[in-house]
Amino acid sequence: MFKIHTAFILLAILILGCDSNLTTVTYPGIGTFSLTDFYHPIYRPIVLLPNSPEDMNATFCLYTPNNVDDFDELDWNNTDHYESTRFDANLDTKIIIHGWRGDSQEAWLSKLKDTLLKAKDLNVIIVGWPGGAKTPYTQAVSNTRVIGIMMGILIENLMKEFNVSLNSFHLIGHSLGGHIVGYAGKHLNGSIARITGLDPAGPFYKGLNETEARLWHTDAKFVEVIHTDAQPIIQLGLGMFETCGHVDIYPNGGQEQPGCEEQAEDEVPIEGGIYEKYKFSSCNHGRSHDLFIDSVSPTISKPVSYLCESYDSFQNGECKSRCDGSECVIINPLVHSYPVNQSYTQGKRFFMATAAEENYFRYQYRIDLKMIKNDISIKPLLTQVELRFINQDGVDEQFFFSKKSEVFEDETEYPRLFVLNTDPEQLSKIEIKWTLGLNIIPTKMNIEYIKVTALSFQSNSTNVEPITMMFIPNIDGGIPNDEWISCERNQINQ
């Protein structure tokens, strides 16, 4: 009931707009906009005229290695002061923009800027458009095209003033900002080096077939999209599940992120000074930029994602696990593109699993537990299984293979996906314990092997190929109930 109530509130926020007798508006140097632009009776039933460039209250704040903490402000349409700024024509430029109800002071923008500048010498421009990004949402949607073109004009002016190439620019946008960078790319005829869409907004965009209306893979030479909140709007999802880049990455399935189960209440203005508290899916939606920040300099594992039909298939180990060709991508904000066949990866989905808190990129493991034929045990065996990973220093990490009692059938292999802290190159031994479920007759669990495939590696490792390790229980006649049994490594295949 709460979600239905909240969905209606969100719908009200989306459709409220300003009355106007105008049907078109023209802003010199920007373009002409109409109330019929990208109208769709289902996916965009409300179209408003955009506000003027002045109403965007846009700011373009330049940071470089010489001014990490204080910025030079750029005018998007006036180059007179450009020479006095600290823009470095020898460096690549990354331009970052926020989404709905945001501004240039959002913490994630500064954190991403600082992380990028610590990792590499760059020009970083943070774009704010608070006047255009405010409620109602429908007005902000209409304003995205104006601020996107303003960004495109800024880039053209930087090119003219400093003789820099479009190949040196990377645009990064969150939520509505994900579509704004697309509009900037369209203005530049798709010739910019790279665009990253961080959970591009879904409401009023998903379902539209007109590629001019939203972020699309033709907006840059390389377009990647990270989806983290792609649930339907009725379930408060603010992103989109549809693919729109050369590479579309879906961490944890792209809909619900670990650690976001309890949403914080947020106050949103409805109309006339009235505020409504409701649980906004900002955690899932914002996880996209948190992951991107973490991927600049991952401290534990490389952020590897794998091509797969679905997240269920990925979790069940049904996807190709070799990281060759275009079957996997490693998120890297510091390069211009990924070494993939774009015509092959476009329209497909890449999946990965992450942790629930910072240092999100840990070791992804596929673990296959194979049951052996057992004529004595009760069938089926209802039990809960725990594992311990033990590294070469004797440090262990304990976790449940099955979080609740489940049936384990003879001669069946059970695949699972886990995100762990244990370095696969240091894993030396596994211990296993099972706990009796509803079975009342004493029995043993007969396991043929535990196969462990490491799908990701140390952040500083040159290895990108999965490692497969086989572990065999050190006991004959089956594993007794409620006892830890050691399984030694039997072989390694790379």
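Brief remarks on what is shown
- Residue match in the stretch 288-304 (condition: in contact with a Ser or Thr (Cβ under 6 Å, 6 or more places away or on another chain), at pLDDT 95 or above and closer than 16 Å to Gly253 by Cβ): yes
- The residues listed here are Glu212, Glu161; of these, the one that is outside any loop (DSSP other than H, G, I, E, B), surrounded by fewer than 24 Cβ atoms within 10 Å (Cβ to Cβ) and out of contact with any Ser or Thr (no Cβ under 6 Å at 6 or more places or on another chain) is Glu212.
- Failed criterion for Pro339 (all others in (1) over 30 Å from Cys487 (Cβ atoms); (2) crowded, with 20+ Cβ neighbours inside 10 Å hold): (2)
- Qualifying residue in the stretch 371-380 (condition: in contact (Cβ under 8 Å) with a residue 60 or more places away in the chain, surrounded by 13 or more Cβ atoms within 10 Å (Cβ to Cβ), over 25 Å from Arg489 (Cα atoms) and not small (Gly, Ala, Ser)): yes
- When every residue of the stretch 413-436 is checked against the conditions, none turns out to be touching a Ser or Thr at 6+ places or on another chain (Cβ under 9 Å), at pLDDT below 85, in a loop (DSSP other than H, G, I, E, B) and more than 26 Å from Glu357 (Cβ to Cβ).
- Checked against the criteria, Asp121 counts as in contact with a Ser or Thr (Cβ under 9 Å, 6 or more places away or on another chain) and either at pLDDT 95 or above or not assigned by TED's automatic domain parsing to the domain that holds Tyr82 (or both).
- Residues located in the stretch 193-214, provided they are aliphatic (A, V, I, L, M) and either within 17 Å of the chain's Cα centre (by Cα) or more than 13 Å from Glu224 (Cβ to Cβ) (or both): Ile195, Leu198, Ala201, Leu208, Ala213
- Residues of the stretch 315-326 that turn out to be surrounded by 18 or more Cβ atoms within 10 Å (Cβ to Cβ) and either of a type in the set (Lys, Arg) or within 18 Å of the chain's Cα centre (by Cα) (or both), as a count: 1
- Among the candidates Thr144, Thr115, Thr135, residue that is of a type outside the set (Phe, Trp, Tyr), assigned by TED's automatic domain parsing to the domain that holds Phe60, in a helix (DSSP H, G or I) and surrounded by fewer than 20 Cβ atoms within 10 Å (Cβ to Cβ): Thr115
- Qualifying residue in the stretch 168-179 (condition: in the same structural domain as Asp37 (by TED's automatic domain parsing), part of a helix (DSSP H, G or I) and either aromatic (Phe, Trp, Tyr) or surrounded by fewer than 24 Cβ atoms within 10 Å (Cβ to Cβ) (or both)): yes
- Number of positions in the stretch 78-109 that are closer than 24 Å to Arg145 by Cα and outside any loop (DSSP other than H, G, I, E, B): 7
- Selection count where residues are assigned to a loop (DSSP other than H, G, I, E, B), touching a Pro at 6+ places or on another chain (Cβ under 9 Å) and modelled with pLDDT under 85, scope the stretch 467-480: 0
- Matching residues in the stretch 38-82 - criterion: being under 18 Å from Val124 (Cβ atoms) and loosely packed, with under 15 Cβ neighbours inside 10 Å: Asn66, Asn67, Val68, Asp69, Asp70, Glu73, Asp75
- Lone unmet requirement of (1) surrounded by fewer than 18 Cβ atoms within 10 Å (Cβ to Cβ); (2) more than 27 Å from the chain's Cα centre (by Cα) for Pro130: (2)
The values are calculated or read from the model by the stated rules, or taken from the named source; none is laboratory data. Just so it is clear, the structure is predicted and the values come from calculations on it, not from any experiment. We place every Cβ from the backbone using ideal geometry, glycine too, and count neighbours over all the protein chains shown.
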